[in-house]
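Read the structure below first, then the notes.
The values are calculated or read from the model by the stated rules, or taken from the named source; none is laboratory data. What you see is a predicted model, and the numbers here were worked out from it, not measured in a lab. Note that each Cβ is placed from the backbone with ideal geometry, even for glycine, and that neighbours are counted across all protein chains shown.
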Amino acid sequence: MTEEAILQGCLKNHAAAQKELYNRYSPKMLAVCYRFAHNREDAEDMLQESFIKVFLQMHTFQNKGAFEGWIRRIIVHTCINHLKKNKRFNESVDIIQASSIQIREENIPSIVQAKQIVDCIRLLPVGYRTVLNLYAIEGYAHKEIAEMLDIEESTSRSQYTRARQMLEEILIRRNLIPATKEKNDRLTAIH
C-alpha cells in the first residue's frame with residue numbers, strides 16, 4: 001500500500017489503512033518514545049496516545065514535508081506532554097557545574113540509535129534526558145525546547161550540557177568510549 005493510499009484510507013477511517021500506517025511507523029516511533037520514557041510500559045503508553053492523535057489529526061496533514069516527520073512531531077509533543085502531565089520532568093538542575101564542563105565532541109558516538117547508547121541515555125535524569133533527546137536527536141533549538149517545556153532557554157542549555165557530561169561518564173564506565181587520562185583519574189577517584 002502506498003503512503004498516499006494509506007493517507008486516503010485513514011481519512012476515510014478504513015481499518016486496513018490504519019493498521020498499515022501503525023505497522024509501518026510504530027517500530028520507529030516506539031524507539032522515539034522509548035528515549036523519553038522511564039520504562040517500556042510508559043513508552044508503549046506514549047506510543048498509543050500518539051497514534052490516537054495521529055489518526056484524529058490526519059486531516060491536518062497538508063503534504064508539506066515528509067509524512068513520517070509529521071508523525072514524529074506528534075510523537076515528540078505527546079511524549080513531552082506525558083512527562084509534564086505525570087510531573088516527571090521537574091528534576092533538579094546543576095546549573096553551577098554545567099557552566100564549567102568541557103566535553104570532547106569526538107567522544108560521543110554519532111550512532112545514538114544503538115541499543116547500548118539508548119540504554120545509557122535512559123539512565124539520565126528525566127529533565128536531562130528530555131533536553132538531550134530534543135536537542136541532539138530531534139534537532140530542536142534551545143529556544144523551541146524552552147517553549148515546549150516551559151523553562152528558560154538557559155536552563156535548556158545547562159541541562160543539555162550536564163546531560164552530555166553525565167552521558168559521557170556513563171559511556172566511559174561501560175567501556176563504550178575511551179576515557180581521557182583526566183576523566184579516567186576523576187572517575188577512579190569517585191569510585
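In this structure, is Lys181 exposed (fewer than 15 other Cβ atoms within 10 Å of the Cβ), more than 16 Å from the chain's Cα centre (by Cα), modelled with pLDDT of 90 or more and not aliphatic (A, V, I, L, M)? So Lys181 does not fit the description; no. Among residues of the range 57-76 being of a type in the set (A, V, I, L, M, F, W, C) and free of Cβ contacts under 8 Å to residues at least 24 places away in the same chain, the one that is surrounded by the most Cβ atoms within 10 Å (Cβ to Cβ) is Trp70. Checking each residue in the range 11-30 for being surrounded by 15 or more Cβ atoms within 10 Å (Cβ to Cβ) and closer than 19 Å to His77 by Cβ picks out Leu21, Tyr22, Tyr25, Ser26, Met29, Leu30.
The lone criterion from (1) out of contact with any helix residue (DSSP H, G or I) (no Cβ under 6 Å at 6 or more places or on another chain); (2) of a type outside the set (A, V, I, L, M, F, W, C); (3) surrounded by fewer than 18 Cβ atoms within 10 Å (Cβ to Cβ) left unmet by Lys143 is number (1).
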